[in-house]
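The values are calculated or read from the model by the stated rules, or taken from the named source; none is laboratory data. Keep in mind that this is a model prediction, so the values were computed, not measured. Here the Cβ positions follow ideal geometry from the backbone for every residue, glycine too, while neighbour counts run over all protein chains shown.
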Amino acid sequence: MEKKLVQIGLMGLGTVGTGVVRIVEGHQEDLFNQTGLSVNIHKILVQDKNKYRNITIDPDKITTNPADLLDNPEIDIIVEVIGGIQPTKDYLIKALENKKHVVTANKDLMALHSSEILRKAQENNCDVFYEASVAGGIPILRALVEGFSSDRITKMMGIVNGTTNYILTKMSKEGAEYQDVLAEAQALGYAEADPTSDVEGYDAARKMAILSTLGFRVPMNLEDVQVKGISQVTKEDIAYGKKLGYEVKLLGIARRDDDEVEVSVQPTMIQKNHPLASVNGVYNAVYVHGEAVGETMFYGPGAGEMPTATAVVSDLITVVKNMKLGVNGRGTVAPYKEKKLKSDGKKFAKYFMRIIVADRRGVLAQITNLLAEKNVSLDQVIQQSYQESGQAEIVMVTHTATQQDVNVVIQTLEGMDVIHQIKSCYRVEGGEKNE
Ligand code: NAP
Ligand code: HSE
């Protein structure tokens with residue numbers, strides 16, 4: 001007999017889980033009209049049954065026993081919004097072994113273990129979708145997999161962490177110090193008590209591993225992403241950036257040249273007229289350049305109860321449509337291109353450097369000679385002397401150079417007597433073709 005009702009096992013009833021219940025219960029007619037089947041949340045797994053919830057739920061649906069979902073023959077789809085690696089990984093593997101489709105918002109798990117989870121799904125003819133894991137309410141994974149399936153993506157740049165974008169925006173608009181803005185963001189609940197994963201770029205790196213795998217069709221691992229966070233960014237860097245026409249953003253950058261790829265997360269000076277420069281506050285955006293389409297950009301809320309829940313429920317709708325058509329497990333395109341990572345000698349970008357030097361005759365000439373010797377050419381320079389200390393501050397933006405040459409320049413500068421301190425060095429983006 002043909003199935004009329006699809007039963008969901010929801011794992012987690014926190015921020016995102018609550019939004020999922022609201023949308024599934026509130027959009028019943030739309031769900032039926034779009035899928036041809038009715039959808040019901042049958043059981044909900046939580047940690048603490050007695051916790052106060054911001055939503056009214058039939059108490060019979062709530063359980064603390066994962067087997068009530070995983071071994072329940074009535075349940076067709078597991079929606080996982082618990083988070084973390086364990087026990088969720090074991091739960092999802094078990095769900096797939098029991099022929100239950102999976103929808104998850106878990107970037108930590110998918111960045112580290114997607115190949116194992118997707119293989120298990122394939123073995124069991126099951127769907128696994130994870131749209132909410134990157135950039136919350138922005139349907140970017142679907143865009144990469146389906147919208148750009150006809151194109152070859154050459155570059156993606158993402159503001160994919162709302163916490164750091166909030167901090168950098170405040171620093172830029174108010175001229176405030178990093179530590180002060182972080183403390184304020186923590187007090188307001190925008191940043192976590194332990195902000196390491198966000199501010200050191202690890203959260204963004206997980207999202208970039210997922211984006212680059214799907215965008216380039218290459219199996220990228222988290223270790224392939226070069227990561228630097230924002231904790232060293234100062235208000236002076238931001239002020240100098242502004243003078244030269246840039247905003248500082250924590251950018252995930254994934255770039256393909258020929259068949260070689262590079263992926264990084266780093267504080268980046270981006271030209272003010274680039275669309276990513278005006279993405280402010282907790283908002284996320286992903287810029288995608290394709291060989292055929294050229295430039296595109298996707299913008300929206302990267303987190304929050306209802307935006308994230310829309311992504312989860314849209315995955316749910318896809319699974320239910322696939323059930324109706326009997327095509328579950330056939331839509332997943334595994335990365336099919338060989339991974340070739342670029343060496344530093346093939347990573348091209350412009351760079352911003354701020355250095356403190358001895359305020360003596362010939363110092364700037366020594367620096368420019370070094371740059372010329374190492375194939376790095378200058379685009380912009382500002383020099384400002386500190387009258388009393390006998391030091392001067394030099395801020396430079398290079399023309400396009402390789403990361404290898406710039407690393408050599410930095411190392412050499414560090415060893416020179418006249419160089420007192422290298423305050424900062426940032427990649428620069430925007431303003432050139434395909435950027
Ligand atoms: P959350 O508010 O902390 O909720 C987590 C839920 O999981 C809670 O209901 C908790 O139960 C339950 N839970 C935790 N450990 C459990 C365990 N061992 N067994 C059973 N239940 C357990 O988390 P969230 O913010 O909704 O995030 C969920 C997922 O969505 C994460 O993977 C996160 O990265 C992802 N995500 C979140 C956002 C966002 O805006 N929040 C955006 C994008 C992606 P109790 O309620 O009983 O404590
Ligand atoms: N901590 C993340 C952020 C939440 O700040 O963007 C969404 O993944």
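What to note about this one:
- Filter result for T63 (surrounded by 14 or more Cβ atoms within 10 Å (Cβ to Cβ), of a type in the set (S, T, N, Q) and either without any contact (Cβ under 8 Å) to a residue 12 or more places away in the chain or under 26 Å from K94 (Cα atoms) (or both)): yes
- Residue among P73, P87 that alone is within 12 Å of ligand 1 (Cβ to nearest atom), under 23 Å from E123 (Cα atoms) and at pLDDT 95 or above: P87
- Within the range 138-175, the set of residues being within 16 Å of ligand 1 (Cβ to nearest atom), touching a Leu at 6+ places or on another chain (Cβ under 9 Å) and not in a helix (DSSP H, G or I) comprises G158, I159, V160, N161.
- On the stretch given as the range 117-137, residues that are in contact with a strand residue (DSSP E or B) (Cβ under 7 Å, 6 or more places away or on another chain) and part of a loop (DSSP other than H, G, I, E, B) total 6.
- Number of positions in the range 175-222 that are closer than 22 Å to T234 by Cβ, among the charged types (D, E, K, R) and in contact with a Phe, Trp or Tyr (Cβ under 9 Å, 6 or more places away or on another chain): 1
- As a summary of the residue check, S172 satisfies the conditions (1) surrounded by 24 or more Cβ atoms within 10 Å (Cβ to Cβ); (2) at pLDDT 95 or above except for the one numbered (1).
- Selection of first residues in the range 1-13 that are basic (K, R) and of second residues that are in a strand (DSSP E or B) and surrounded by fewer than 24 Cβ atoms within 10 Å (Cβ to Cβ), restricted to Cβ pairs under 8 Å at least 6 apart or on distinct chains, gives the following pairs, ordered by first then second residue: K4/S38.
- Elements of type strands (runs of 3 or more DSSP E) contained in the range 265-370, each with 1 or more residues being without any contact (Cβ under 8 Å) to a residue 40 or more places away in the chain: 294-301
- Residue list for the range 144-167, restricted to those being farther than 22 Å from E260 by Cα and away from ligand 2 (no atom under 15 Å from the Cβ): E146, G147
- Failed item, numbered, when F348 is tested on (1) away from ligand 1 (no atom under 16 Å from the Cβ); (2) in contact with a helix residue (DSSP H, G or I) (Cβ under 6 Å, 6 or more places away or on another chain): (2)
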